[in-house]
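Below: one structure, written as structure tokens.
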Amino acid sequence: MTVAVLALQGAFAEHENVLKRLGVDCIELRQAKDLETPYDGIILPGGESTVQGKLLKELGMFDTIKEQIENGMPVLATCAGLILLASEVEGQEGCHFGTIPMCVRRNAYGRQLGSFRTVAELKGVGEVPMTFIRAPYVAETGDGVEVLATVDGKIVGVQYKNQMAFAFHPELDNDTRIHEKFAAMVRDK
Ligand code: GLN
């Protein structure tokens with residue numbers, strides 16, 4: 001089993017470290033030709049979603065990854081990654097895959113509360129640490145989207161078919177259960 005980590009910008013190395021700890025092979029997606037390497041799942045890391053979307057288009061990677069996701073490739077997306085998957089981003093047009101029917105609000109916690117840590121329940125997993133960095137939240141979900149976690153009444157984790165998306169950064173905490181859940185999803189595909 002090999003997991004591909006989108007490595008254009010942002011916190012991709014941290015995801016690779018978690019995968020290594022779990023003994024999961026990973027490759028980096030940096031350019032279009034990397035998309036030809038066989039892999040079984042994709043991680044979309046945090047960072048700056050507008051920059052990532054632009055680079056994906058410029059590097060000719062956008063359409064292929066979108067198709068792979070639509071065809072059932074398991075995806076774990078964190079923070080900016082969650083924004084890339086949203087069908088709607090409040091007040092913004094532009095480059096996102098739009099493969100989860102949901103509306104996302106970027107930088108949704110205001111400047112003062114831009115970054116914070118908490119512990120909250122994740123459906124099917126239990127209490128997990130959650131680190132938020134200028135994070136989005138999910139303002140609205142469409143049909144078939146399962147809510148996995150909420151913090152202060154805001155949706156911060158969802159699953160839709162083959163896609164899991166979180167507003168926080170599990171790769172920055174010393175708790176590998178979310179990556180284990182994803183690895184199991186890739187394995188059982
Ligand atoms: N604020 C970023 C964005 O809107 C997301 C932040 C993150 O990925 N930590 O794209």
Legend entry - FRET E, pair ASP63, GLU127, Förster distance 35 Å, beta-carbon r, rounded to 0.05: 0.35
Legend entry - Those lysines that a straight Cα-Cα span of less than 19 Å connects to LYS33, excepting residues fewer than 8 apart in one chain: LYS54, LYS57, LYS66
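Taking each pair of different alpha-carbon atoms in region 15-92 once, compute 1/r for the pair, average those values, and report the inverse of that mean as the Kirkwood hydrodynamic radius in Å to one decimal. Walk me through the numbers on the way to the answer.
Details: mean 1/r = 0.0749 Å⁻¹.
For region 15-92, the Kirkwood estimate is 13.3 Å.
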Legend entry - For the chain, fraction of C-alpha pairs farther apart than 32 Å, in %: 6 percent
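Given the rule -39500 (n - 2.57) for each run of at least 4 DSSP H residues, summed and divided by the residues of the chain, what is its mean residue ellipticity at 222 nm, to the nearest 500 deg cm²/dmol?
After summing the helix terms and dividing by the residues of the chain, the value is -7000 deg cm²/dmol.
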Legend entry - Calculated from backbone phi, Karplus (6.51, -1.76, 1.60) coupling profile of region 63-71 in Hz, x at Gly/Pro: 5, 5, 5, 4, 4, 4, 5, 4, 8
Legend entry - Listed residues GLY60, ALA149, SER87: farthest to the positive end of the dipole of the chain (Cβ charges): ALA149
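Ranking request for peptides 139-148, 11-20, 166-175, 125-134: highest mean number of other beta-carbon atoms within 10 Å first, then the rest in descending order. Display every interim value, and only then the final one.
Numbers: 139-148: 14.2, 11-20: 18.7, 166-175: 21.9, 125-134: 17.0.
In descending order of packing, they fall as 166-175, 11-20, 125-134, 139-148.
Readers should treat all values here as calculations from the given coordinates under stated rules, not as data from a laboratory. What you are looking at is a predicted structure, and each value in this text was computed from that prediction instead of being measured. When we count neighbours, we look across all protein chains shown, and the Cβ atoms used for this are built from the backbone with ideal geometry, even at glycine.
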